[in-house]
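Accompanying notes for the structure given below.
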Amino acid sequence: MCSRLRADCQVFAAGVRSSAATSGLRQVVLGVHWPARDARVMNSVTAAAEISTLLDRYLIGLDDDKLNDAWASALFSDDARVEFPMARHEGIEGLADWHRQALEAFARTQHLNSPAVVDLTGDERAVLRANLVSTHVHHSDTPGDPLFVAGTLVHGEARRTERGWRLTELSFRLVWSTGTPPRPQDDR
């Protein structure tokens, strides 16, 4: 059983870029001690997981959380920038309200993302990329298709702060869409 588990871990870890990272990943996945080549490897694996989780929490939060200042502060740095194809916000002040207002155009949303690819650019900074499919359910009185679905490429940056890792930038590049897009805010 143990050798089978190691073999499965090796297959799982094959997608990791370096053998040092693979060694650390085996230790994390199996919960057993395999000496990592270097403590930095485990720090890198941990940092990448923390950063990826920020994106996951952000996207799930759009669908299911109360968007308030505490939500924004747990995810973003004070100087964060979020950019959608149709709007942009800079700074943490008002960021939760900005998201809430954008989501009011829809009755419900669902954001499904791929695993994030996280590249550390040093001990304090990282970049991330992920694919995202966002389904937006229009209010029942909205003319046209009941859904607006968009596929986007997410690009982000994160920085280690005194509060831990925080997103400093998120941008969403539209790749495809189907259905009726939201009406401009002036029309609502």
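The values are calculated or read from the model by the stated rules, or taken from the named source; none is laboratory data. Predicted, not measured: the structure shown is a model, and the values here were computed from it. Heads up, the Cβs are rebuilt from the backbone with ideal geometry, glycines too, and the neighbour counts pull from every protein chain shown.
Kindly indicate whether Gly179 is surrounded by 12 or more Cβ atoms within 10 Å (Cβ to Cβ) and either over 12 Å from the mean Cα position of the chain (by Cα) or modelled with pLDDT under 95 (or both). Here the answer is yes, as Gly179 does meet what is asked. Looking across the stretch 50-70 at every residue that is surrounded by 14 or more Cβ atoms within 10 Å (Cβ to Cβ) and closer than 16 Å to Asp119 by Cα, the one that is farthest from the chain's Cα centre (by Cα) is identified as Glu50. Here Thr53 meets the list (1) part of a helix (DSSP H, G or I); (2) hydroxyl-bearing (Ser, Thr, Tyr); (3) touching a Ser or Thr at 6+ places or on another chain (Cβ under 9 Å) almost entirely, failing just condition (3).
Every condition in (1) surrounded by 12 or more Cβ atoms within 10 Å (Cβ to Cβ); (2) at positive phi holds for Gly122 except the one numbered (1). Among residues of the stretch 147-160 that are of a type in the set (Phe, Trp, Tyr), those with a Cβ under 6 angstrom from a residue that is assigned to a strand (DSSP E or B), sequence gap 6+ or separate chain, pair up as Phe148/His136; Phe148/Gly179.
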